[in-house]
Amino acid sequence: MTQKIDADHARFRHIVRGKIKQNLKRFMSQGEIFGKKGKDVVSIPLPQIQIPHFRYGHKQTGGVGQGDGEVGTVLEPGQVEGDGTGKAGQDPGEHVLEVDITIAELAEILGEELALPRIEPRGQHKLEAEKSRYTGIHRAGPESLRHFKRTYREALKRQIALGSYDLERPVVVPIREDKRYRSWKVAWLRESNAVIVYIMDVSGSMGDEQKEIVRITSFWLDTWLQSQYQGLEVRYITHDASAREVDRETFFHTRESGGTMISSAYKLLADMIAGDYGSGEWNIYPFHFSDGDNWSNEDTRLCLELLQSKVLPAVNQFGYGQVESPYGSGQFIKDLRQAYPEDGHVVMTEIPGRDAIVECIRSFLGKGR
Amino acid sequence: MSLPRYLEELQQQIRGHAEAYGLDCFEIRFEVLSYDAINMVAAYGGFPTRYPHWRFGMEYEQLKRTYEYGLAKIYEMVINNDPCYAYLLEGNSLVDQKIVMAHVYAHCDFFKNNLFFRDTNRKMMNEMANHATRVRRYMAKLGADEVEGFIDTCLSLENLIDIHAPHIRRRPPAPPAEEQEDAEARPAVEVPRLRVGRKYLDPFINPADYMEKQKQRLEDEHKRAQRFPPEPERDVLGFLMEHAPLRPWQRDVLAIVREEAYYFAPQGQTKIMNEGWATYWHAKIMTQRVLDDAEVIDFADHHSGTVGGRPGALNPYKIGLELYRHIEHKWDTGRFGKEYAECQDLELKRRWDRHLGLGRDKIFEVRRLHNDVTFIDEFLDLDFCLQQKLFGYDFNPKSENWEISTRDFQAVKQKLLFQLTNFGQPLIEVTDANHMNRGELVLHHRHEGVDLRGDWAQATLEALHRVWTRPVQVETVVDGKPTLLRYDGREHQAEKIG
């Protein structure tokens, strides 16, 4: 049902979109920007959207309440913020407006703002998926799927044809033969699948701030790639001197103290690709984050070898982000730069701090591969 | 949609009870709406049509979300109009519909009889629709962005009205035109002449046309030096309408925002009284007349939902209801007047009962004459404060927590009254519209111990500047020091004064 409010609502969504776009770069460098994150919706606090007034500052006002408690009893935060009904003198206070936005919409905004090219998927024409849609009509089926309107239309047709339909007493009674049921049709969809493999260095030199940067960056990479592929898998590998595959939770929260052997991770990555995604139908996006302090030149050479022979032939793009840690930025990115010219399938970027996340995303996704 | 038969019968029945109790209402038109439609109407502040603006869309989204998450449900909505319109939610249980109807009858009685609603437009339904048409027309002509942007600006200033204006005369009526001319002619200014030795040289040294020009200039200056406005003006919106350099459509939009602000103001001024009144009567009508035996539990459940609360938020339904009952009890038992006040015997006071039975009459009188501020000021007493366990809370900067700060009756009452004065909005008035003779606007914030919220004050000054177009400033107090917040169209300044 269309309503008068729809226009106002669309207008509001438009403004929200504009505000998000305007503040996107700020959002992208702040991890805590997301209030809640659901399956395909995120809530973003947008205080800028409220209409300002001359208003009392909240913290000086205090207020009057009702209930038990001695002087000095602490009120829970939720209790103080004004509720919808308490408008009489009860300042709505610091209530921050949160708006919901779908991941798809967010990806679109991201794409527009950073001018990201659409990705031309590989292997698109070979992979097909079956999908059933309830668009068909059948003469037999379960009562729960009975198509009410079609059934009555059939009954009416029959009655008119038989001449038993009486305009004065328009009673339509369907019989068994009139009944129509919804049924499914199988549609073949071309689908392209993609996998992101995040690899993170969890050696002692990667601190919490570095991990936070990786977490934020990965959120935006996920968001964009999700909008480009129907099926997106995400795998996580952590490494210090040895590598292992972990789940998302562990990925962002483990802390190891060992040294760094990047080759161990690349070896695991190569195995993973060969094992699970070897058919050539997959769009593969490994992203590796490290502070670039590899154990030895020997290991670095091994890394380059693995990349060249096993990884690069299979992937769309290999991304390497070097996060600057308190101990400085390592040598690894220089070695990579020497080995691979600028616009190859290896994209390298340095992330000295949160402000650089935007640039990092742009260089990872800006090639449209 | 017309009311289904069974609800119509219910309405007749409840109206009968309401009238029997002495409630005096406009005719009420109930409409049954789906939850989607009721969210829309709620987003529009109860009206079916408002001018196009995004904030209604925002309101709608939030209502929809809270409803879908099952967090809140709109129980009743009623608009102050003759006839009065009220909405029922489709699919609510019968007992809910009964409560809502009884509640609405009391609201309507309040709208009709409370003094502070006397000057509200009782055909606001039509007026709102007119506003919508006018704004739509401007949008069609000038583009939605421009008009909506200006509405945003006006809404930023919407609380700068004089809530008492409809009831008193702030300015003496303008003197008749003749007198005005006289007044202007009076300050005859002497233009200093150069001294001349020979009289015949005078026309050459002090040429007549030059003297005339000088005289004109001095007079102009004198006039400008006079303060404008002569008295501080609380109706800032009205002042801007009259004196800001606005184009006709802008003036009209500002007028629309102002008119709606004045229309809604009494509802803000009487929230506690109005909700308390409605709750008092729905409880009375339901429990004494309408409830079936089978509905008692449901009623109790929903009623307690209405009057329940959280410690940190004062529930106007609850406090209003209890205060009416408190007053009724006092006047029924004769616990008022000199004799009772001066009685020192606590035991005697506790059992005080003169069997006066004046309670009902008294609360009807109260609902006619008071607003929230006077209601609380007059009737919230120590007994009530103790019974209701009222407390004051404040932010404790040391622990970064909100804490109960006082149980002292006077302090609590002061705090509550402060919250309600000017319905919780800072008092701000225009003191000078030609500051430094440069057409700059000066507002004055009557500081009562609480500072303005800084970032919002700046944003509001920007809005004010968009209307006034010359530099604007507000005199206020920040951290105990008198401060002038100024915005000249490019940058903000905060300057300590005095």
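Here are the numbers for the structure shown:
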{"read-out": "Qualifying residues in the stretch B:257-286 (those that are under 15 Å from the mean Cα position of the chain (by Cα) and among the hydroxyl-bearing types (Ser, Thr, Tyr)) - the one farthest from B:Gly305 (Cα to Cα)", "value": "B:Tyr262"}
{"read-out": "The one condition in (1) assigned to a loop (DSSP other than H, G, I, E, B); (2) closer than 28 Å to A:Ile15 by Cα; (3) free of Cβ contacts under 8 Å to residues at least 40 places away in the same chain that B:Gly45 fails to fulfil", "value": "(3)"}
{"read-out": "Residue match in the stretch B:227-237 (condition: more than 22 Å from B:Phe418 (Cβ to Cβ), part of a helix (DSSP H, G or I) and in contact (Cβ under 8 Å) with a residue 40 or more places away in the chain)", "value": "yes"}
{"read-out": "Selection status of B:Glu400, touching a residue at least 24 places away in the same chain (Cβ under 8 Å), over 30 Å from B:Leu382 (Cα atoms) and among the charged types (D, E, K, R)", "value": "no"}
{"read-out": "Breaking point among (1) in contact with a Lys or Arg (Cβ under 6 Å, 6 or more places away or on another chain); (2) modelled with pLDDT of 85 or more; (3) within 7 Å of chain B (Cβ to nearest Cβ), for A:His53", "value": "(1)"}
{"read-out": "Filter result for B:Met40 (facing chain A (nearest Cβ under 8 Å), of a type in the set (A, V, I, L, M), crowded, with 16+ Cβ neighbours inside 10 Å and at negative phi)", "value": "yes"}
{"read-out": "Options B:Asp451, B:Asp408, B:Asp381: the member that is of a type in the set (D, E, K, R) and in contact with a Ser or Thr (Cβ under 9 Å, 6 or more places away or on another chain)", "value": "B:Asp451"}
{"read-out": "Enumeration of residues in the stretch B:112-138 that are in contact with a helix residue (DSSP H, G or I) (Cβ under 7 Å, 6 or more places away or on another chain), farther than 19 Å from B:Tyr44 by Cα and part of a helix (DSSP H, G or I)", "value": "B:Asn113, B:Leu115, B:Phe116, B:Phe117, B:Tyr138"}
{"read-out": "In the stretch A:129-151, residue farthest from A:Ile175 (Cα to Cα) [restricted to those that are more than 33 Å from the chain's Cα centre (by Cα) and small (Gly, Ala, Ser)]", "value": "A:Gly136"}
{"read-out": "Pairs, first in a loop (DSSP other than H, G, I, E, B) in the stretch B:14-28, second hydroxyl-bearing (Ser, Thr, Tyr), C-beta under 6 Å, six or more apart", "value": "B:Leu23/B:Tyr105; B:Cys25/B:Tyr105"}
{"read-out": "Some residue of the stretch A:350-364 being crowded, with 18+ Cβ neighbours inside 10 Å, over 16 Å from A:Val214 (Cβ atoms) and in contact (Cβ under 8 Å) with a residue 60 or more places away in the chain", "value": "no"}
{"read-out": "Considering residues of the stretch B:359-377 that are of a type in the set (D, E, K, R) and under 29 Å from A:Leu75 (Cβ atoms) only, the residue farthest from the other protein chains (Cβ to nearest Cβ)", "value": "B:Asp377"}
{"read-out": "Residue list for the stretch B:455-482, restricted to those being of a type in the set (D, E, K, R), more than 23 Å from the chain's Cα centre (by Cα) and within 16 Å of B:Lys496 (Cα to Cα)", "value": "B:Asp479, B:Lys481"}
{"read-out": "Identity of the residue in the stretch B:43-84, of a type in the set (A, V, I, L, M) and facing chain A (nearest Cβ under 10 Å), that ends up farthest from B:Ala102 (Cα to Cα)", "value": "B:Met58"}
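To keep it simple, each residue is scored yes or no on (1) crowded, with 20+ Cβ neighbours inside 10 Å; (2) in contact (Cβ under 8 Å) with a residue 60 or more places away in the chain; (3) not basic (Lys, Arg).
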position: B:Asn81; (1), (2), (3): yes, no, yes
position: B:Tyr87; (1), (2), (3): yes, no, yes
position: B:Val95; (1), (2), (3): yes, yes, yes
position: B:Val104; (1), (2), (3): yes, yes, yes
position: B:His107; (1), (2), (3): yes, yes, yes
position: B:Asn113; (1), (2), (3): no, yes, yes
position: B:Asp119; (1), (2), (3): no, no, yes
position: B:Met124; (1), (2), (3): yes, yes, yes
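The values are calculated or read from the model by the stated rules, or taken from the named source; none is laboratory data. Just so it is clear, the structure is predicted and the values come from calculations on it, not from any experiment. Please note: Cβ atoms are built from the backbone with ideal geometry, for glycine as well, and neighbour counts cover all protein chains shown.
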